Amino acid sequence: MTIQFSNYIPEFVATRRFLHQNPELGLSEFRTSDFLAQQLTALGYEVTRGFAKTGLVASLKNGTSGRSIGIRADIDALPILEETGLDYTSQTPGLMHACGHDGHTAILLGAARILAERRNFDGTLNLIFQPAEENFAGAKLMIDDGLLERFPCDAVFGLHNDPGIPFGKIAVREGAMMAAADECVITVNGRGGHGAEPQDASDPIVCGASIIMALQTVVSRNLHAMDQAVITVGAFNAGKASNVIPERAEMAITVRSFDQAVRDRLETRIREVAEGQAAGYGMSVSIKYERGYEPTINHKTETDFVRDVARQVVGPDNVFDLARPSMGSEDFAFMLKECPGSYFLLGTGRTDNDPPLHHPRFDFNDDALPIGVGMWVEIAETYLKAP
């Protein structure tokens, strides 16, 4: 593996750490957007702002080709109190870049500099700096704002760091890469009463517990064994006192899947199970079911292309295909649904015990910055190969 652009590494690191010190939540990345616009304009890019409030696209055309490529970086942070103790720790208590989006943004900004200076491509670069990847589906919001109509792309590409993959390795996967993520809130409507006289009440806690246990059979007994899905009840809230039966109990559920037919089946069975269990206890339920992020599905041609480029950048021994997709989710899925492309993982692991993504002690591995930059430069220049 050859590290490229060594003269630029201090700049890449300084940019990443500046972004780390100044985290902003999704749809509120105003300072980040201002910083990026200033940097990209100085490099000669045409910068268009206002997508999903804080998103922007930096375009650069070279040569005469009509071909175009989109490369995306997510720019938002998370509502987590940082515990790294680093000298460049977050300056905004309660917010931090705990998912490495500071690294993703620094990588694309670094690649923007190299590509603008070399001009070794024929076509149009569309560098997409996307807000609100965490929870707000910023990719969809940008698309709804006309992203791909105003900046059509022949293909789009995205990356994510992964501290669970050894440093310098790149993981690709054709087809399903990450799961769809849906959310369901079930409210059990009971009848409150004294805890010492349960016969005069309708206990929503007992009913809710029965619903939770019954939901565990949906994947194992209602789906084919080869279908991949997860139902997790992440919250169950009811009551405040040991001797009071509450009126209601509420549970919050995440539902993950890859196939649309499976996705539909899961929603149907969750509703049926909840309503059936409640009826058995003489109660009713209110169900709020929301479809969230789409499954991230990589296209074959573009994934083959990324694999070939990665072998050139980090060497064949450092590139591998994931054996199975992740049950996590990613809003780049919405871009892949509208345009051919591929999403890959950049290994940043230092040790076997690195803090995972979304952990208060997580910190992006700066040694991976030049590898990420190298990937984007090689992908752009190869895809838009000059004659």
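The values are calculated or read from the model by the stated rules, or taken from the named source; none is laboratory data. Not measured: the values here are computed from a predicted model. Cβ placement follows ideal geometry from the backbone for every residue including glycine, while neighbour counts extend to all protein chains displayed. Accessible surface is based on the protein model in full, side chains and every heavy atom, while ligands, DNA and RNA are left aside. Shrake-Rupley method; radii C 1.70, N 1.55, O 1.52, S 1.80 Å.
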Item to complete: Please indicate, with yes or no, whether at least one residue in segment 181-201 is under 23 Å from the mean Cα position of the chain (by Cα), of a type in the set (A, V, I, L, M, F, W, C), modelled with pLDDT of 95 or more and within 26 Å of Gly103 (Cβ to Cβ).
Response: yes
Worksheet, complete the sentence: Across (1) under 17 Å from the mean Cα position of the chain (by Cα); (2) crowded, with 22+ Cβ neighbours inside 10 Å, Gly328 clears everything bar (2)
Worksheet item: Does Val218 fit the bill of being of a type outside the set (S, T, N, Q) and not in a helix (DSSP H, G or I)?
Response: no
Response to the item:
Exception for Ile371 within (1) more than 18 Å from Pro166 (Cβ to Cβ); (2) crowded, with 20+ Cβ neighbours inside 10 Å; (3) not acidic (Asp, Glu) falls at (1)
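For (1) assigned to a strand (DSSP E or B); (2) modelled with pLDDT of 95 or more; (3) small (Gly, Ala, Ser), each residue gets a yes or a no:
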site	(1), (2), (3)
Glu11	no, yes, no
Arg17	no, yes, no
Leu25	no, yes, no
Thr32	no, yes, no
Leu36	no, yes, no
Arg49	yes, yes, no
Ser59	yes, yes, yes
Practice prompt. Would you mind finding the one in Arg291, Arg248, Arg256, Arg265 that is touching a helix residue (DSSP H, G or I) at 6+ places or on another chain (Cβ under 7 Å), open to solvent by 50 Å² or more (accessible area, probe 1.4 Å), touching a residue at least 60 places away in the same chain (Cβ under 8 Å) and of a type in the set (D, E, K, R)?
Written response: Arg248
Practice prompt. Look at segment 306-329 and say how many of its residues are in contact with a Gly (Cβ under 8 Å, 6 or more places away or on another chain) and within 20 Å of Met375 (Cα to Cα).
Written response: 3
Worksheet item: Is it true that Ala180 is touching a strand residue (DSSP E or B) at 6+ places or on another chain (Cβ under 8 Å), buried (at least 17 other Cβ atoms within 10 Å of the Cβ), farther than 30 Å from Thr124 by Cβ and of a type in the set (A, V, I, L, M)?
Response: yes
Practice prompt. For residues that are open to solvent by less than 10 Å² (accessible area, probe 1.4 Å) and hydrophobic (A, V, I, L, M, F, W, C), tally how many sit in segment 117-148.
Written response: 9
Worksheet item: With respect to Thr54, is the statement that it is open to solvent by less than 60 Å² (accessible area, probe 1.4 Å) and out of contact with any strand residue (DSSP E or B) (no Cβ under 8 Å at 6 or more places or on another chain) true?
Response: yes
Worksheet, complete the sentence: Per the filter on segment 57-73, residues open to solvent by 40 Å² or more (accessible area, probe 1.4 Å) and more than 19 Å from Leu147 (Cα to Cα) are Gly63, Thr64
Discussion item. Pairs needed: first member in segment 361-387, within 25 Å of Asp122 (Cβ to Cβ); second member anywhere, among the polar types (S, T, N, Q) and part of a helix (DSSP H, G or I); C-beta distance under 7 Å; at least 6 residues apart or different chains.
Written reply: Glu378/Gln312
Worksheet, complete the sentence: Residue pairs within 6 Å by beta carbon, gap of at least six or interchain, first lying in segment 6-22 and of a type in the set (Phe, Trp, Tyr), second modelled with pLDDT of 95 or more and crowded, with 17+ Cβ neighbours inside 10 Å, listed first then second, are Phe12/Ala106; Phe12/Gly110; Phe12/Leu369
Fill in: Residues of segment 359-387 that turn out to be in a loop (DSSP other than H, G, I, E, B), out of contact with any helix residue (DSSP H, G or I) (no Cβ under 6 Å at 6 or more places or on another chain), modelled with pLDDT of 95 or more and not basic (Lys, Arg), as a count
6
Practice prompt. Among the numbered conditions (1) of a type in the set (D, E, K, R); (2) at negative phi; (3) open to solvent by 10 Å² or more (accessible area, probe 1.4 Å), tell me where Asp76 comes up short.
Written response: (3)
Worksheet item: Can you name every residue in segment 221-262 that is of a type outside the set (Lys, Arg), in a helix (DSSP H, G or I) and more than 24 Å from the chain's Cα centre (by Cα)?
Response: Asn222
Discussion item. Yes or no: segment 89-104 includes at least one residue that is open to solvent by 60 Å² or more (accessible area, probe 1.4 Å) and either at positive phi or without any contact (Cβ under 8 Å) to a residue 24 or more places away in the chain (or both).
Written reply: yes
Discussion item. When you scan segment 186-205, do you find a residue that is open to solvent by less than 30 Å² (accessible area, probe 1.4 Å), out of contact with any Gly (no Cβ under 7 Å at 6 or more places or on another chain), part of a strand (DSSP E or B) and within 21 Å of Gly234 (Cα to Cα), even just one?
Written reply: yes
Item to complete: Please indicate, with yes or no, whether at least one residue in segment 149-160 is surrounded by fewer than 23 Cβ atoms within 10 Å (Cβ to Cβ) and assigned to a strand (DSSP E or B).
Response: yes
